[in-house]
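Following: one structure in structure tokens, then a few remarks.
The values are calculated or read from the model by the stated rules, or taken from the named source; none is laboratory data. Note that the structure is a prediction, hence the values are computed from the model and not measured. Every residue, glycine among them, receives a Cβ derived from its backbone with ideal geometry; neighbour counts consider all protein chains shown.
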Amino acid sequence: MKLSQLTLTACAAMLVSGAALAEPKAFDKVDANGDGMINTAEFANSGVEGQTLAKLDKDGNGSLNEDEYSVVLEEECE
């Protein structure tokens, strides 16, 4: 019984750590509606951690174009 509890705990820890290490998705995968811009809802599903859309939105139009979003991908590669 204790071995199965330990196994379940270890599996849960691996799942959580894997989710925490998820990388941001490519622009075309995040741009769900295909309009060439990433809106707030799409950004929420992007996998980006530690950034906000408002911070990345350099032109202040409320969405991200591919250049603005690419900053996230470049930071993840460093």
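May I ask you to say which residue of K29, K25, K55 is part of a loop (DSSP other than H, G, I, E, B) and not small (G, A, S)?
Numbers: K29 fails: part of a loop (DSSP other than H, G, I, E, B); K55 fails: part of a loop (DSSP other than H, G, I, E, B).
None of the others qualify; the one that does is K25.
Among E42, E49, which is the only one that is under 15 Å from the mean Cα position of the chain (by Cα), not small (G, A, S) and not in a loop (DSSP other than H, G, I, E, B)?
Numbers: E49 fails: not in a loop (DSSP other than H, G, I, E, B).
Step by step, each of E42, E49 is checked, and only E42 is under 15 Å from the mean Cα position of the chain (by Cα), not small (G, A, S) and not in a loop (DSSP other than H, G, I, E, B).
Mind counting the residues in segment 18-35 that are within 19 Å of E74 (Cβ to Cβ) and either modelled with pLDDT of 95 or more or in contact with a Leu (Cβ under 8 Å, 6 or more places away or on another chain) (or both)?
Just the residues of segment 18-35 that are within 19 Å of E74 (Cβ to Cβ), to begin with: 21-31.
Next, from what is left, pick out any that are either modelled with pLDDT of 95 or more or in contact with a Leu (Cβ under 8 Å, 6 or more places away or on another chain) (or both): 24-31.
Of the residues in that region, 8 qualify.
Filter segment 23-44 for residues that are of a type in the set (D, E, K, R) and either surrounded by fewer than 18 Cβ atoms within 10 Å (Cβ to Cβ) or over 9 Å from Y69 (Cβ atoms) (or both) and give the result. Even if it seems obvious, please write down each step before you answer.
Going residue by residue through segment 23-44, those that are of a type in the set (D, E, K, R) are 23, 25, 28-29, 31, 35, 42.
Answer for segment 23-44, where residues must be of a type in the set (D, E, K, R) and either surrounded by fewer than 18 Cβ atoms within 10 Å (Cβ to Cβ) or over 9 Å from Y69 (Cβ atoms) (or both): E23, K25, D28, K29, D35, E42.
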